[in-house]
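Worksheet for the structure shown next.
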Amino acid sequence: AGAQPAGNGGPFPPDFLWGCATASYQIEGAVKEDGRGETNWDVFAHTPGRVANGDTGDVACDSYHRYQEDTQLLKAMGVKAYRMSLAWSRIVPEGRGQENPKGLDHYDRVIDDLLANGITPYVTLFHWDLPQALPGGWQNRDTAYAFADYAALVARRLSDRVSHFMTVNELRCFTDLGHMQGIHAPGLKLPPAQVNQVRHHGVLAHGLGVQAIRAHARRGTQVGLADNTSFFVPVIETEAHIAAARKATREVNAMFLTAIMEGRYIDSYLEAEGANAPKVQDGDMKVISSPVDFVALNVYTPSYVRADDAAPGYVVLPHQPSSPRMASPWLYVGPEVAYWGVRCVHDLWQPKALYISENGCSADDQMVDGRVDDPDRVMYLRNYLGQFQRATREGLPLKGYFLWSLMDNYEWADGYGKRFGVHYVDFATLKRTPKLSAQWYGELIRRNALV
Ligand code: GBH
């Protein structure tokens, strides 16, 4: 296999873990059921003008009631693992304090159903649906401690059956999109110092979460995070350009993955932020860099870089008007990012294991005569998977892949207008229909090879 050129197909490692991913607010619905507390996304989605078409997650895919059907969709594709998130506010409705037994009972049932069908759950503790009752949300340092208490509770209850936890999903999204750009909940546009503080609370929550899981979960439980690191592709594969991609990866992610892996805010970040740098308490950086068992990456859009003689030694190249994109305007296509994302994270920090916690795309899927043919998605997945395969061939410790997403769902500020699923969901009837890509993914899993 070593002699095969990258991206030309062939087998994956024998124990490669094939999965699909979803997130609680995007699929569950049932927002007022069984004692679930309100979240920041309930409030945001119900605020006029915030989400395309006024869409909310009130019903979503109704997976709260249809989870058994979802398990069967996974099973039909031969998927071995399911990355799901828990709604914090079902388990602790006010974010801290009183727990809600019905919330944990629900996730007990979901997890038992997956296990009974031979599917391994990978559980994300926080995928953006923050209990609204937490005062100040992520602007308040206390939220990080509340998260740790919730993580401890989940670990005690579920770690007899769940062996892989991810603390948070995509630090940059719930911090910056929510508090700087204002396009996600809670919809704020804060000044830089406050944004940096929110980011600090985010990485602190991750670190406290890692410690809580270690302290309360069954021994051997694996813990990491799902990060949408900004990834860089060297335009030309020479040492100088590769070094530029590595440096860009380290510096652009300084407030997130770099801090987590290195236990400090690197000089370039502190210098750039100056007086706006986060206020850090004694011991914070040690907590933030609590050792993780794996790093999981959400890989979508590429950025291309080239080496440069002037500081900082790299130039991030803007996308061109001609750059190919999928159905979401932000979703540029650049399959090499799949290889270079994994490679740069490995070169910089050597995490023990890497996963792809999300990869997939939106496409203009249409149901015609009861079928949904989505050759664009198949094209996209085949190309990205060829590049992940290159990483495995070169011996990088990439252990598994979670396709985003099992089914069309609530795409945050885009509402139901952007479809990422390998199953089509008719949001009027909530009927799920496998797209051609689901059949393709099932065949890939069956052969454990790109075909
Ligand atoms: C991931 O976000 C999320 O984890 C997942 O929940 C989501 O459904 C999936 O990917 C697909 O988006 O409107 O141009 O300003 C990926 C990160 C966050 C990138 C929202 C695009 C909007 C950019 N995405 N962001 S824009």
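The values are calculated or read from the model by the stated rules, or taken from the named source; none is laboratory data. On a predicted model such as this, the values are computed, not experimentally measured, just so you know. Glycine gets a Cβ as well: all are built from the backbone with ideal geometry, and neighbour counts include every protein chain shown. Just so you know, the surface numbers come from the protein's heavy atoms only, side chains and all, with ligands and any DNA or RNA stripped out. Shrake-Rupley method; radii C 1.70, N 1.55, O 1.52, S 1.80 Å.
Looking at the range 392-412, which of its residues are among the hydroxyl-bearing types (S, T, Y) and assigned to a loop (DSSP other than H, G, I, E, B)? Working first, answer last.
Filtering the range 392-412 down to residues among the hydroxyl-bearing types (S, T, Y) leaves 392, 401, 405, 410.
S405, Y410 - these are the residues of the range 392-412 that are among the hydroxyl-bearing types (S, T, Y) and assigned to a loop (DSSP other than H, G, I, E, B).
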* Asked: List pairs: first in the range 275-290 and under 14 Å from A205 (Cβ atoms), second among the acidic types (D, E) and modelled with pLDDT under 95, Cβ under 6 Å, 6+ apart or cross-chain?
  -> none
* To do: For the range 127-142, indicate whether the set of residues that are in a strand (DSSP E or B) and in contact with a Phe, Trp or Tyr (Cβ under 6 Å, 6 or more places away or on another chain) is non-empty.
  => yes
* Asked: Out of (1) at positive phi; (2) part of a loop (DSSP other than H, G, I, E, B); (3) of a type outside the set (K, R), what's the single condition that is false for G415?
  -> (2)
* Hey, Y145 open to solvent by 10 Å² or more (accessible area, probe 1.4 Å) and either more than 21 Å from the chain's Cα centre (by Cα) or away from the ligand (no atom under 16 Å from the Cβ) (or both) or not -> yes
* Top-ranked residue in the range 117-137 [being closer than 15 Å to A81 by Cβ and out of contact with any strand residue (DSSP E or B) (no Cβ under 8 Å at 6 or more places or on another chain); ranked as farthest from the ligand (Cβ to nearest atom)] -> G118
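Being farther than 28 Å from Y67 by Cβ and open to solvent by less than 30 Å² (accessible area, probe 1.4 Å) is true for just one of L403, L354, L381, L385. Which residue is that?
Residue meeting the stated conditions: L354.
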* Being hydroxyl-bearing (S, T, Y) and surrounded by 17 or more Cβ atoms within 10 Å (Cβ to Cβ) is the filter; apply it to the range 315-351 and report the residue that is nearest to D408 (Cα to Cα). => S328
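Of a type outside the set (S, T, N, Q), over 30 Å from E336 (Cβ atoms), modelled with pLDDT of 95 or more and open to solvent by 30 Å² or more (accessible area, probe 1.4 Å), is that true of V51?
Taking the combined requirement at face value, the residue does not satisfy it.
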* Could you list, in sequence order, all residues of the range 305-319 that are out of contact with any Asp or Glu (no Cβ under 9 Å at 6 or more places or on another chain) and under 23 Å from D227 (Cβ atoms)? => V305, V316, L317, H319
* To do: Return yes or no: is R246 surrounded by 22 or more Cβ atoms within 10 Å (Cβ to Cβ), in contact with a helix residue (DSSP H, G or I) (Cβ under 7 Å, 6 or more places away or on another chain) and closer than 21 Å to C344 by Cβ?
  => no
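Let's see how each residue does on (1) touching a helix residue (DSSP H, G or I) at 6+ places or on another chain (Cβ under 7 Å); (2) touching a residue at least 24 places away in the same chain (Cβ under 8 Å); (3) farther than 17 Å from V51 by Cβ:
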residue: L396; (1), (2), (3): yes, yes, yes
residue: K399; (1), (2), (3): no, yes, yes
residue: Y416; (1), (2), (3): no, yes, no
residue: V422; (1), (2), (3): yes, yes, yes
residue: D426; (1), (2), (3): no, yes, yes
* To do: Scan the range 291-314 residue by residue and report those that are surrounded by 14 or more Cβ atoms within 10 Å (Cβ to Cβ) and without any contact (Cβ under 8 Å) to a residue 12 or more places away in the chain.
  => none
* Structure fact -> Scanning the range 370-425 for residues that are away from the ligand (no atom under 16 Å from the Cβ) and of a type in the set (D, E, K, R) gives R371, D373, R382, R390, R393, E394, K399
* Asked: Just one of the numbered conditions (1) in a helix (DSSP H, G or I); (2) surrounded by fewer than 19 Cβ atoms within 10 Å (Cβ to Cβ); (3) of a type in the set (G, A, S) is not true of A428; which one?
  -> (1)
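Quick one: in the range 157-205, which of the residues that are β-branched (V, I, T) and either within 14 Å of D227 (Cβ to Cβ) or modelled with pLDDT under 95 (or both) is farthest from the ligand (Cβ to nearest atom)? Don't jump to the end; show me each part of the working.
At the first step, the residues of the range 157-205 found to be β-branched (V, I, T) are 162, 167-168, 175, 183, 195, 198, 203.
Next cut, either within 14 Å of D227 (Cβ to Cβ) or modelled with pLDDT under 95 (or both) only: 167-168, 175, 203.
On the way: T167: 14, V168: 10, T175: 12, V203: 17 Å.
Only one residue fits best here, namely V203.
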* Asked: Which of the residues spanning the range 131-147 are touching a Pro at 6+ places or on another chain (Cβ under 8 Å), under 15 Å from A185 (Cβ atoms) and of a type outside the set (G, A, S)?
  -> P131
